[in-house]
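Trainee: I'd like to ask you about the structure that follows.
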Amino acid sequence: MSTDTTQNPVSKESVTIAVMGATGAGKSTFINLASAAKLQVGEGLESCTAEVTAALPFLLDDKYVTLVDTPGFDDTVKTEAEILRLISTFLAVTYEANRRLNGVIFLHRISDVRVGGVAKKNFRLFRKLCGDETLRSVVIATNMWSEVAPEKGEAREHELATNDKFFKPALDKGARMVRHDNTVESAHSLLRTLMEKETITLAVQREMVNEGKTVAQTSAGLDLQAELNEQMDRHREEIRQMKERMEALLLEKDSRHQEELSELNEAVRDVREQMRHVQSHSDKLLHERVTDRKWYEAEAQEMARVMQEREDKLRDLYAFAQEQKDMLVALKEELKSVQQIAGEHAVGMHDAEEMLKAAQDAHRAELAAVRQEFEEKVAAVVDGSTKKGAGPQAVPDGGHPSVRQRTKSQVGPRKAPPGFFAGLAVILDQLFVPSPHMSF
């Protein structure tokens, strides 16, 4: 994954993607994997997401991505009507707040042996929420491939993609079906297919915001109401058939049918209870109370506010990180400049030391030459004075011939030879005569 933050964080684009699917399809798991969030994950087929939940935004390919978790229409806590109202209201409110979706992911378990009526109804409502014109921004992701043999999974995948009862109609209108192998790379690859797309307006958003319809009046609401009406009709037919059977048994006046009559009575009571549940769902969908609507809207508005607040905080965090990075770069450049100056100074010091050493060597050589010249002149004068006086004398080993050293026979004061002082005066005069080796 890319986490480049070289650009100004304030200019980064926001991306919002909704994740939908049946209860237990792995929606929360997918979001946690992709965003490193910590949404609660349910066990088995029991619903864990009973509300619309936005995960913390994260940075992917230089974009702030927010994933929205939604409950399945087959939720084990809330009714289909309540789930539809939750999702529809959230989508409408965020749309009004100018928080548009870039796409929608529908997760489907490839491990399901068959696609039953509930799963078909879930996908049908999903399509009604989206609308056919937005299906190009819809990705159907099959997951849980590790729980099925490859050949079986491929066979189911083929059936889902080619059967008109399943995903084929949506695929024909632009939706795409991909595999998700439960890795971060797979999740991010899936997200990237939607991140580059333009924002979309779902059918339910257009209907509720632009057209002013209630949830019950939307395409999804009408479809759900039609489904509830069909359930009521089926239950009525079941009761009618059971009553006919009961009447026939009563006409026979046979005590042996008493047990069957009791079972039929119990079955009628069960069906009527189911009808009451269906009617309750229908009433909640059709007869929306003002207090309920305000509650749903308040919840959705709060969620939209929290989403924006989280993204703003993330922007501030990355802006601060960018400032620190810029400061570090500046410090590194300054250090580099100081090191360069120090290096140049070190080179200068080395050159100066070499020059000083050369000057010292030259000075020592000059002093040595002066000393040698001095000794030679002294020797010459002394030799000349000695020859004029006492004549030549032996010179002990280890000294210049002109440097007389006393021997045992010479211990004690000696009388200066004739002409010595005159010779010394000559030496002193010569010391002040510039030589070719001396410069003053």
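Trainee: Would you mind checking the pairs Lys120/Lys152; Lys128/Lys284; Lys165/Lys284 and listing those with alpha carbons more than 31 angstrom apart?
Mentor: Checking Cα-Cα distances, every pair stays at or under 31 Å.
Trainee: Between region 218-236 and region 319-385, what is the C-alpha centre distance in whole Å?
Mentor: Each part reduced to its Cα centre gives a spacing of 98 Å.
Trainee: Please sort 208-221, 229-242 by packing, taking for each peptide the average over its residues of neighbouring beta carbons within 10 angstrom, highest first.
Mentor: Details: 208-221: 17.9, 229-242: 13.8.
Ranking, from highest mean packing down: 208-221, 229-242.
Laboratory data are not the source of any read-out in this text; all were calculated from the coordinates shown. Because the structure is predicted, anything quoted here is derived from the model rather than measured. In this analysis, Cβ positions are derived from the backbone assuming ideal geometry, glycine residues included, and neighbour counts consider all displayed protein chains.
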